[in-house]
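Down below is the structure, laid out as structure tokens.
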Amino acid sequence: MILMKLAKQSFMSYTLNYDYVRVIVMNTEVFDELLLNISNRVKAANYFSLKSSNTEFIKLCNDIGRLVYDNLKDEKDAEMIMDDVCRELQNKYPGVDGFKTSNVVLMKEFYLEYLNNESLSQLTAGLSWDHNLILIQSCINLDEREFYMRMAKNFNWSCDQLNAQIENDTYGKSQGDLSFSDIPVLQENKHKWITEDAYLKEFVGLGAEMLDDKKQIIEKIISKLVNPLQAYSLMGKDYQMADGSLNYDIDLLLYHRGLNAIVLFEIKREEFKPEFAGTMQFYLNLINSKSRLHEEKPTIGIIICIVDQKIQVSYVLKSSTEPIGVSTYSVTAELTGTYLDKLPSRSDLEKIIQ
């Protein structure tokens, strides 16, 4: 048995290694400081991630309000249409209270409230959805509203604290002075509201569900295409490629033995956009320059766009090779020639995914 009197700044750990005990004396001050610094960094990253998500969520609320207003302003059955749309959204995203009719109506009011006020509209993104609703409902005077917007953001007021300051008429007492000395600085509640906002949690959770859904689609493609009876072998999923100091994440890389080529899949949960083809061509040339062997054919790209159970497939295929060795690509929705019986068609992918 080994006994050792340790100083306050150290502790002893034992590592058993067969027939002897190795004693390690570590500096606990360094240990505690490192653990604290890493923990603080994790908290900071989590906060900034939530802050960014909140900004996107407020933009989403504004955009939904704009879409509702633009599409229904001239419709006689606007209320019925909106009820039906909200019902379908709740079916599509179960458990998301933000898509209830009452809340979508508030989104439309939110959009109209700041339609012609860009300066105030920019301030809304720094506050939660509930903060913004309180301000619209309680502060008709726009100067007063701007005051509370800035104060809530600067002093980290929760919704309860914002309500209390409005009821206390802090704006009137301070005469709109943002440096008013009697306003409490609530450091102990710093950033607390952003971690407890129910609508933001739903929005972040929805993003996580969409990521999980994407992973499931990738797994379905792998399970159907990568097997001893097929011509594909798996090179990587969530595959990371580096280009200088930048890293790019590629959804799925397979190798096709019959075509002697790498096949790159990208999954999108939205309608096809022209920039998707540009990004795909960049990825393909990156793979060609860094991963493709000399005897292999240029890499093939397949973009799968899924919206409301409808699948759109775009094939990005080599059209020519420039003298410098960089392949140029064309985008097509139909397979022809060599690729016809070797790559999965849209109907093949529909069966695999659905």
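Things to note:
- Measure of compaction for the range 213-353 (Cα Rg per 2.2 N^0.38 Å): 0.99
- Stretchable slack from GLU295 to ARG66, in nm (0.36 nm times residue separation minus alpha-carbon distance): 77.1 nm
- Highest mean packing comes first when the peptides 68-78, 294-304, 216-226 are listed by Cβ atoms within 10 Å, giving 294-304, 216-226, 68-78.
- Over the range 232-291, Cα pairs under 8 Å with separation of 6+ residues give a relative contact order of 25 percent.
- GLN122 versus GLU33: modelled label distance in nm, points set 7 Å from Cα along the beta carbon direction: 4.1 nm
- Cross-link pairs beyond the 24 Å C-alpha cut-off, checked among LYS224/LYS342; LYS224/LYS290; LYS76/LYS100; LYS100/LYS214; LYS51/LYS220: LYS224/LYS290; LYS100/LYS214; LYS51/LYS220
- Fewest-first ranking of ARG87, ARG66, using other Cβ atoms within 10 Å as the exposure measure: ARG87, ARG66
Just so you know, all these numbers are worked out from the coordinates, no wet-lab data involved. Model, not experiment: these values are computed from the prediction. Every residue, glycine as well, gets a Cβ built from its backbone with ideal geometry; the counts of neighbours run over all protein chains shown.
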